[in-house]
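What follows is a short report on a single structure.
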Amino acid sequence: MSRNQFLQTLDAYARDSRTAQLWLRDDDAIEPTEALSRLLDLSTRWAAPMTIAAIPAGATDALAGLLKALPAISVAVHGWDHANHAPAPEKKQELGLHRGEAAVLARLADGLARINSLFGDRAVPLLVPPWNRIAAGLIPHLPEIGYQALSVFGPERDDSPLPLVNTHVDIIDWKGTRGGRPIDILYAEATAHLQMATASHVPLGILTHHLVHDEAAWRFLDDLCELTAGHPACHWVSVRELMRET
């Protein structure tokens, strides 16, 4: 039912000359893997541009070589080393103020420099905080070290000091199976996001983590791409396009 509601919402968008701007963000890449190749093949097969949020401290030349021939793939900065610096019982966070503002910003500057060096024109000045968490006090300083946008999870806030290009549907059940979430729930969340929006062009970010995908996760991605391919209200976009519009 939720899949049908999603399709009905897209049909309503088309009647109103509105567009759902779909984009993919995949987190935690450091090196080529079979799962990453499968995701890249899906992106190529469905002409769905994708952003890889790579961990700078661990990112390899082999990953850069893999992505070099794929112009539809961009690479964002996923913190520095994806290490938790928050004490228990706080939620995990790399980009908090536990080490001091200057230390965190210095590492983020290193991260952007390394991603630029490794990935060249595939790199984008977009920060993707590990665990989608960043101390609010750091955000106004990000442009000073070269970042142009921030991507976390959830609705974009109008009061952000830096443009937001967020994801809105996380396909992984982190608190349960740690595999793909039920397809009806995913489509219901995507539908709710599109129905709440009022703009004529509405970004819909899909968040993936290739390293933990099970067959349920892969089935949803294939189904979503097949459902949206050629639909008049759907436009798979690159994060660069979203950053320009934002």
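The values are calculated or read from the model by the stated rules, or taken from the named source; none is laboratory data. Because the structure is predicted, anything quoted here is derived from the model rather than measured. Here the Cβ positions follow ideal geometry from the backbone for every residue, glycine too, while neighbour counts run over all protein chains shown.
Being at pLDDT 95 or above and closer than 19 Å to THR246 by Cβ is the requirement here; does PRO130 meet it? No: the conditions fail for PRO130.
ASP16 - would you say it is at pLDDT 95 or above, of a type in the set (Asp, Glu) and either touching a Cys at 6+ places or on another chain (Cβ under 8 Å) or on the phi < 0 side of the Ramachandran plot (or both)? Here the answer is yes, as ASP16 does meet what is asked.
Of the residues making up the range 120-139, those that are farther than 26 Å from GLU90 by Cα and buried (at least 22 other Cβ atoms within 10 Å of the Cβ) number 1. Considering only residues of the range 127-153 that are out of contact with any helix residue (DSSP H, G or I) (no Cβ under 8 Å at 6 or more places or on another chain) and assigned to a loop (DSSP other than H, G, I, E, B), which is farthest from ALA113 (Cα to Cα)? This residue is ARG133.
In this structure, does ALA62 turn out to be surrounded by fewer than 22 Cβ atoms within 10 Å (Cβ to Cβ), among the hydrophobic types (A, V, I, L, M, F, W, C) and free of Cβ contacts under 8 Å to residues at least 24 places away in the same chain? Criteria not met by ALA62.
When each of GLY137, GLY146 is tested for being more than 18 Å from the chain's Cα centre (by Cα), within 16 Å of ALA76 (Cα to Cα) and at pLDDT 95 or above, the lone residue that passes is GLY146. Restricting the range 206-246 to residues that are among the β-branched types (Val, Ile, Thr) and in a loop (DSSP other than H, G, I, E, B) leaves a set whose member that is nearest to TRP174 (Cα to Cα) is VAL237. Go through (1) modelled with pLDDT of 95 or more; (2) of a type in the set (Gly, Ala, Ser); (3) loosely packed, with under 14 Cβ neighbours inside 10 Å and name the single condition GLY230 misses. Going through (1) modelled with pLDDT of 95 or more; (2) of a type in the set (Gly, Ala, Ser); (3) loosely packed, with under 14 Cβ neighbours inside 10 Å one by one, GLY230 breaks only (1).
Residues in the range 142-184 that are loosely packed, with under 14 Cβ neighbours inside 10 Å and among the hydrophobic types (A, V, I, L, M, F, W, C): TRP174 alone. For the range 204-227, the tally of residues that are crowded, with 21+ Cβ neighbours inside 10 Å and of a type in the set (Val, Ile, Thr) stands at 2. Residue count for the range 1-37, restricted to those that are part of a helix (DSSP H, G or I) and within 18 Å of ASP214 (Cβ to Cβ): 4. Filtering the range 85-131 to residues that are in contact (Cβ under 8 Å) with a residue 40 or more places away in the chain, of a type in the set (D, E, K, R) and over 18 Å from MET50 (Cα atoms) leaves LYS91, LYS92, GLU101, ASP110, ARG114.
Within the option set ALA53, ALA47, being in contact (Cβ under 8 Å) with a residue 12 or more places away in the chain, out of contact with any Cys (no Cβ under 6 Å at 6 or more places or on another chain), within 19 Å of GLY205 (Cα to Cα) and exposed (fewer than 14 other Cβ atoms within 10 Å of the Cβ) holds for one residue only, ALA47.
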